[in-house]
């Protein structure tokens, strides 16, 4: 649950379910009020499954979901904070765990490094900025915390297989939904 549309979907869905009150919905987190004698865990699982979501209860997977949410907040919604704050500091503060633990748990659960995940998020954000905004590649590099346009361009080519110019010229440029990244 990593987009505003997911949040809205959950709010709208549970407004129509009798016996369940939505208390709070945020990225990756839903707080609902209901009578457990009437609404069972299995029923809750079914409701979330109907919307395409699952309930996460494994402690390490919960940490990974929090890491993903913090990373998405930083890269996609922080409006240039990425160039001002270290990724590790931001994520560690949001997850309330030391970065070393965060990094190890993320790698163990996903099979990928957290650094790789952040790079993939940055590349998706750069695609979005290229396609939806009137900004220069230099502005994109700065916003995403790259030290130079060349560094962003090299990473973009390595991840996508396209140069920035080739990507912009594609008839249907490929975008990866954030929830499908790692």
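Values as computed for the structure displayed
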read-out: Angle in degrees between helix 59-72 and the longest Cα principal axis of the chain, rounded to the nearest 10; value: 50 degrees
read-out: 0 to 90° range, to nearest 10: angle between helix 99-110 axis and the chain longest Cα axis; value: 80 degrees
read-out: Candidates 57, 37, 169, ranked by Gaussian network fluctuation over the chain, Cα under 10 Å, top entry; value: 37
read-out: Cα-based equivalent ellipsoid of region 4-55: semi-axis lengths in Å, sorted from largest, via gyration tensor; value: 17, 12, 10
read-out: Contact order normalised by residue count of region 25-160, Cα under 8 Å, 6+ apart, percent; value: 22 percent
read-out: Projected label distance in nm at residue 35 and residue 13, using a 7 Å step from Cα toward the beta-carbon; value: 2.4 nm
read-out: Pairs of alpha carbons in region 36-110 whose separation is greater than 17 Å (percent); value: 55 percent
read-out: For the chain: span of alpha carbons on each principal axis (Å, largest first); value: 59, 39, 26
read-out: Which of 7, 67, 176 has the fewest Cβ neighbours within 10 Å, and the rest in rising order; value: 176, 7, 67
read-out: The chain: angle of helix 4-15 to the longest principal axis, Cα-based, in degrees nearest 10; value: 10 degrees
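Bear in mind that the values in this text are calculations on the coordinates, not laboratory data. Source: prediction; values computed, not measured. FYI the Cβ positions are ideal-geometry reconstructions off the backbone, even for glycines, and counts take in every protein chain you see.
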